[in-house]
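Shown next, in structure tokens, is the structure this report addresses.
The values are calculated or read from the model by the stated rules, or taken from the named source; none is laboratory data. Note that the structure is predicted; figures quoted are calculated from it, not measured. Here the Cβ positions follow ideal geometry from the backbone for every residue, glycine too, while neighbour counts run over all protein chains shown.
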Amino acid sequence: MATEITKLQGCCKKAEELKAAGNENRPGLEALNYRIGTHGSFLADMLARLSEYSLPEIGADQKQNPLAALTCREGDDFSIALLDGWAIVADVLSFYQERIANEGYLRTATERRSILELARLIGYEPKPGVSASVDLAFSLEKGCNAEIPAGTRVQSLPNPGETPQTFESSEKVAGRAEWNLLKLRTVRPPSLTWEMACSDQEFFLYFQGTGLNLQPNQPMLFVLGDDKGQQVMRLIKSAEPEPKMQRTKVILQKTKFKESDDA
């Protein structure tokens, strides 16, 4: 893997001038700059060292710089190609060294395992994952009555840029076509207890319809059972029709009739 290096700028500069910038990173960064160099800086540094490399002085006849005669800087030269290959090795190693450094911090980590290992340093262990749950409604064709089995697979309709999600029904459910458009229940049947009917406090009940012709002081008999003493009579205080809801609100007085022995 030889590259042509004809006029490399700074090939004769000192090594100190070609060192990579410091690894100082300000707080709050999403990624750390931890590389000591790249392919270009590594190769330029090694080429600069060719002209200044020297051996320890041993004798008077010992050459100080054995590589001084190596003046070729062409990429197809074996020596330069060898340096180019080692620059690639250093570039790859520094790249992964930077990735490992980023995985060592919570803000810059990108791998899930890195987050888990950092959390374990303070004794935290995540709980096992659970599947997502949604409310699911089925619509049946007219006249169709069927039982929808458990495990029925359905798929969501994704928005632009999203992926569809698959869900399964957790239990079997009966399906009826007439249930497709179930309306919300806005009222519920009145719940009249014995304590309420026999209390000396006012209370009200709703009756279906608006043409009941109920008048104040009109008595109402509440039959709570077939046995003697389970019939209570109360007087109407007021009757207020509510045409929108097709009902009448009846307020009963505090006082009550004494239970009859013949009731």
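For segment 247-263, the set of residues classified as of a type outside the set (Val, Ile, Thr), at pLDDT 80 or above and surrounded by 14 or more Cβ atoms within 10 Å (Cβ to Cβ) consists of Arg247, Lys249, Leu252, Gln253, listed by residue number. With respect to the conditions (1) among the charged types (D, E, K, R); (2) exposed (fewer than 12 other Cβ atoms within 10 Å of the Cβ); (3) in contact with a strand residue (DSSP E or B) (Cβ under 9 Å, 6 or more places away or on another chain), Lys244 falls short on a single one, namely (3).
Residue-wise test of (1) under 30 Å from Phe207 (Cβ atoms); (2) assigned by TED's automatic domain parsing to the domain that holds Leu29; (3) loosely packed, with under 10 Cβ neighbours inside 10 Å; (4) among the basic types (Lys, Arg).
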| residue | (1), (2), (3), (4) |
| --- | --- |
| Ala101 | no, yes, no, no |
| Tyr105 | no, yes, no, no |
| Arg112 | no, yes, yes, yes |
| Pro128 | no, no, yes, no |
| Asp135 | no, no, yes, no |
| Phe138 | no, no, no, no |
| Pro160 | no, no, yes, no |
| Glu168 | no, no, no, no |
| Val187 | yes, no, no, no |
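Among strands (runs of 3 or more DSSP E) entirely within segment 71-171, having at least 1 residues that are among the acidic types (Asp, Glu) singles out 145-148, 166-168. Just one residue in the set Leu184, Leu136, Leu140, Leu205 is modelled with pLDDT under 90, in contact with a Pro (Cβ under 9 Å, 6 or more places away or on another chain) and of a type outside the set (Phe, Trp, Tyr); that residue is Leu205. A Cβ distance below 7 Å, combined with a sequence gap of six or more or placement on separate chains, defines the contacts here; from segment 145-161, residues that are within 21 Å of Glu178 (Cβ to Cβ) reach residues that are surrounded by 10 or more Cβ atoms within 10 Å (Cβ to Cβ) and among the polar types (S, T, N, Q) in the pairs Ile148/Ser169; Thr152/Ser169.
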